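Peer 1: The following block contains the structure, expressed as structure tokens.
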Amino acid sequence: MFSKRFIDEVRAFHLRIQVVDSVGDTHERIIDCLKGAREPVAAPVEWPGGRTRPVPVPRAAPRAE
């Protein structure tokens, strides 16, 4: 989540990912990281008291070696 100040000051933030697959083809994706960030939010972003909601972190199963 970006802060309001960041969204107000940064005009564009794009992430460019480029990969070469096993047969040598190049694939590229450009992601607009601020897409939708300037749209009004329908639900509150923070809980009462200014706390942000905890985000669950998925745990990966141990790798068999």
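Peer 1: Using the Karplus curve 6.51 cos²θ - 1.76 cosθ + 1.60 with θ = phi - 60°, what ³J(HN,Hα) values do you get for each residue of region 2-16, in whole Hz, with x for Gly and Pro?
Peer 2: Calculated HN-Hα couplings, in order: 9, 6, 4, 4, 4, 5, 5, 9, 9, 7, 8, 9, 10, 10, 10 Hz.
Peer 1: Something else now. Counting only residues 5 or more places away or on other chains, whose amide H sits under 5 Å from the amide H of F13 once H atoms are built in the peptide plane?
Peer 2: Counting only residues 5 or more places away or on other chains, the set is C33, L34.
Every number here is computed from the coordinates shown, using simple stated rules; none is lab data. Values in this document were obtained by computation on a predicted structure and should not be read as measured data.
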